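Quick note: the coordinates plus some simple rules give every number you see, no bench work behind them. Not measured: the values here are computed from a predicted model. With ideal geometry, Cβ positions are generated from the backbone for all residues, glycine too; neighbour counts draw on all protein chains shown.
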Amino acid sequence: MLKLNEIETRYGKIVALRNISMEVHEGEIVALLGMNGAGKSTTLKTISGLIRPKAGTVEFMGRSIESVPPEEIVRQGLIHVPEGRKIFPGLTVRENLVIGATSRKIAMSTVNQEIEEVLEVFPDLTPLLDRLGWSLSGGQQQMCAVGRGLMARPKLLMLDEPSLGLAPVIVQNMFQAIRKINQKGTTVLLVEQNARQSLAISHRGYVLEAGSIVASDSAPSLLDGIQNAYLGAA
Ligand code: ATP
């Protein structure tokens, strides 16, 4: 479904991504892991067309997209929920969700039906539909941000650190919701620093270090590796 081939991305002279090749297959949850500054967000921005790679190719659904405008990439079903819960603070939860559907020309009745589907994934949003974005807690804002992404009907949903800064119990809810989104048929590329919990719901994973992929394996094998590294260090 998504294929990156030898991607290099730079900020001026700084090389942020070096020779990145990775794939996401239809139906999967793939975790992209790494520390602060490893290049995870840059990878997502390169895929969604917000930054252009200096070299390499990005293929989505068999088509080359590395020079397609970002809004057209969205229309093709590749949706990026950026880090930092960027919802509209002055709009209600319902309005934020409706905005997610605006790249498609659909009737309001369909929009309402799709809001109901988002509420199946995030039932906690139901009593909050008429609340303004700014008045929500961090976890509620994150649910709203991911819900808005779902309203675009993604074929591939890319989530940038959805668990960042959330309380542990909310983090658990968020990962369960991501699993549910995947079970309902959406492929997910999940960027996280929280390796254990993201691998627990993922099929496969890649580990980024200083702009390069240093490991890629099935989620259980990567989890074993983390466990052994901790035991070895103890
Ligand atoms: P984080 O979790 O902190 O977002 P990350 O793994 O997503 O980390 P990136 O944000 O992709 O990392 O950053 C990768 C590298 O590129 C870092 O060295 C960072 O300092 C650098 N970088 C990111 N954005 C810019 C920018 N706009 N201009 C210059 N350098 C940048």
| said: At 7 Å along Cα-to-Cβ for each site, give me the label-to-label distance between K13 and K180 in nm. | reply: 5.1 nm
| note | Taking Cα pairs closer than 8 Å and at least 6 residues apart, the relative contact order of the chain in percent is 27 percent
| task | Go ahead and run the numbers for FRET between E117 and K3, Cβ-Cβ distance against an R0 of 35 Å, rounding to 0.05. | result | 0.75
| remark: Residue-normalised 222 nm signal for the chain, counting each DSSP H run of n ≥ 4 as -39,500 (n - 2.57), nearest 500 deg cm²/dmol, is -11000 deg cm²/dmol
| task | Per residue of the stretch 60-67, in order, report the coupling 6.51 cos²θ - 1.76 cosθ + 1.60 (Karplus, θ = phi - 60°) as ³J(HN,Hα) in whole Hz, putting x for Gly and Pro. | result | 10, 6, x, 10, 6, 10, 5, 10
| query | If exposed trypsin sites (Lys or Arg not before Pro) are those in a DSSP loop with at most 13 other Cβ within 10 Å, what is the longest stretch of the chain that has none? | reply | 106-183
| Entries of K54/K184; K40/K105; K3/K180; K54/K105; K3/K184 with Cα pairs more than 27 Å apart | K54/K184; K40/K105; K54/K105
| query | Which aspartates and glutamates have a Cα less than 13 Å from the Cα of K86, not counting those fewer than 8 places away in the same chain? | reply | D160, E161
| How much length, in nm to one decimal, is gained on full extension between T110 and D224, taken as 0.36 nm per residue of separation minus their Cα-Cα distance? | 36.6 nm
| remark: So the angle from the long Cα axis of helix 219-233 to the longest Cα principal axis of the chain, reported in degrees to the nearest 10, equals 60 degrees
| query | Relative to the first principal axis of the alpha-carbon coordinates of the chain, what is the inclination of helix 168-183, with its axis defined by its Cα atoms, in degrees from 0 to 90 and to the nearest 10? | reply | 90 degrees
